[in-house]
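First up is the structure itself, then whatever we jot down about it.
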């Protein structure tokens, strides 16, 4: 199942223009090759894109363990502290991730504002007090 340069260029071009399973099937039929052969060639050429799985809701799937890890990061604690949380319903974990993410964003914004106040008050660089109006 050798491909000459011209055929390879054609396959790569066609697939690059329309990267889909249908294109692979069309190329296989057109060139009298198997779909596995076409996929193999596209992979060797570095252009094949595996079909990505999406859930029923159209989102990229995420595991409960990943959700718990995100929650731990948002809370600023080790994942071990939340041992067993991955047994909770996925919908509850998603809601908790969103809530802790919002909380984390609020904390980041509060910390940033506090640092700005310290900076402009001269607490950080006392010899270079900066006028906030400047």
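The values are calculated or read from the model by the stated rules, or taken from the named source; none is laboratory data. Because the structure is predicted, anything quoted here is derived from the model rather than measured. Every residue, glycine as well, gets a Cβ built from its backbone with ideal geometry; the counts of neighbours run over all protein chains shown.
Given the condition over 17 Å from the mean Cα position of the chain (by Cα), closer than 30 Å to residue 23 by Cβ and loosely packed, with under 10 Cβ neighbours inside 10 Å, answer yes or no: does some residue in segment 47-56 qualify? The answer is yes, given that some residue of segment 47-56 is over 17 Å from the mean Cα position of the chain (by Cα), closer than 30 Å to residue 23 by Cβ and loosely packed, with under 10 Cβ neighbours inside 10 Å. Of all residues in segment 56-84, those that are at positive phi have Cβ atoms under 8 Å from Cβ atoms of residues that are at pLDDT below 85 and surrounded by 11 or more Cβ atoms within 10 Å (Cβ to Cβ), 6 or more apart or on another chain, in 76/104. Within segment 94-134, the set of residues being over 30 Å from residue 66 (Cβ atoms), modelled with pLDDT under 70 and either part of a helix (DSSP H, G or I) or in contact with a strand residue (DSSP E or B) (Cβ under 8 Å, 6 or more places away or on another chain) (or both) comprises 126, 127, 128. The set of residues from segment 6-25 being surrounded by 16 or more Cβ atoms within 10 Å (Cβ to Cβ) and free of Cβ contacts under 8 Å to residues at least 24 places away in the same chain comprises 14, 23, 24.
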